[in-house]
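Below: one structure, written as structure tokens.
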Amino acid sequence: MTNEGFAEHLGVAVRTVAGWHRSPDLVPRPEMQLALDTTYERASDHVHRRFSLLSRPVEEPAQAQALRVAIAVVVKHEEVLLVCRRGDDALTWQFPAGMVKPGGSPETVAVQETLAETGIHCAVRQHLGGRLHPSTGVLAEYYLCEHLTGEARNLDPQENVDVTWVPTSALTRFIPADRIFEPILKALEAA
């Protein structure tokens, strides 16, 4: 969130939030700390992971791995699987995805997260490439996957609002074309 957005969310002045940025060693008053703790407890797992990464001391060894996600583009006939994800400010339709832990296999994460979020068993057909995601700034690895079995259902209501199969011809009604990694569009045209 921006300073203004976070201040509005907490119901405090923008200068209060800006002061925290200027003086990171500042200890908030007990009632403010309680409000911050409550906000953190109610935040999504994604926000918890991001906070954890941002709050690590600078002195930690430089063995850190860039934050990576594996994204599964699951196809079944002429349809593609999408999840409607809860975000900080809005709901967004996207492909199933999961964080890749250091030393983990992105292919395995793509398959496991798809099953965990949607109940869909899939298999990786092709690696479509990777990029620095323009919205999140994380390293994203994309995999074209084939539906094996299972009915699409929302198994992760904390993170997602809905799960559905969308005709590939209607994909850009859910995700704007300029936000879709170009190799995905080419792979879906060929599928």
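Data for the structure
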read-out: Condition met for Pro167 (at pLDDT 95 or above, exposed (fewer than 13 other Cβ atoms within 10 Å of the Cβ) and over 12 Å from the mean Cα position of the chain (by Cα)); value: yes
read-out: Any hit, the range 17-38, residues being open to solvent by less than 60 Å² (accessible area, probe 1.4 Å), among the aromatic types (Phe, Trp, Tyr) and modelled with pLDDT of 95 or more; value: no
read-out: Qualifying position, being under 16 Å from the mean Cα position of the chain (by Cα) and touching a residue at least 60 places away in the same chain (Cβ under 8 Å), among Val109, Val138; value: Val138
read-out: Residue list for the range 175-188, filter: open to solvent by 70 Å² or more (accessible area, probe 1.4 Å) and touching a residue at least 12 places away in the same chain (Cβ under 8 Å); value: Arg179
read-out: Strands (runs of 3 or more DSSP E) within the range 96-162 that include 1 or more residues open to solvent by 60 Å² or more (accessible area, probe 1.4 Å) and under 21 Å from Glu79 (Cα atoms); value: 121-132, 139-149
read-out: Matching residues, the range 82-95, being closer than 23 Å to Trp165 by Cα and either of a type in the set (Ser, Thr, Tyr) or in a loop (DSSP other than H, G, I, E, B) (or both); value: Gly87, Ala90, Thr92, Phe95
read-out: Qualifying positions in the range 163-191 - outside any loop (DSSP other than H, G, I, E, B) and aromatic (Phe, Trp, Tyr); value: Trp165, Phe174
read-out: Failed item, numbered, when Val47 is tested on (1) of a type outside the set (Gly, Ala, Ser); (2) assigned to a loop (DSSP other than H, G, I, E, B); (3) modelled with pLDDT under 75; (4) touching a helix residue (DSSP H, G or I) at 6+ places or on another chain (Cβ under 9 Å); value: (2)
read-out: Qualifying residue in the range 80-87 (condition: surrounded by fewer than 16 Cβ atoms within 10 Å (Cβ to Cβ), modelled with pLDDT under 80 and within 17 Å of the chain's Cα centre (by Cα)); value: yes
read-out: Residue identified as within 22 Å of Gly129 (Cα to Cα), modelled with pLDDT under 95 and in a loop (DSSP other than H, G, I, E, B) among Ala62, Ala66; value: Ala66
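The values are calculated or read from the model by the stated rules, or taken from the named source; none is laboratory data. Nothing here was measured: the structure is a model prediction, and the numbers come from that model. With ideal geometry, Cβ positions are generated from the backbone for all residues, glycine too; neighbour counts draw on all protein chains shown. Calculation scope for accessible area: heavy atoms of the full protein, side chains included, ligands and nucleic acids excluded. Shrake-Rupley method; radii C 1.70, N 1.55, O 1.52, S 1.80 Å.
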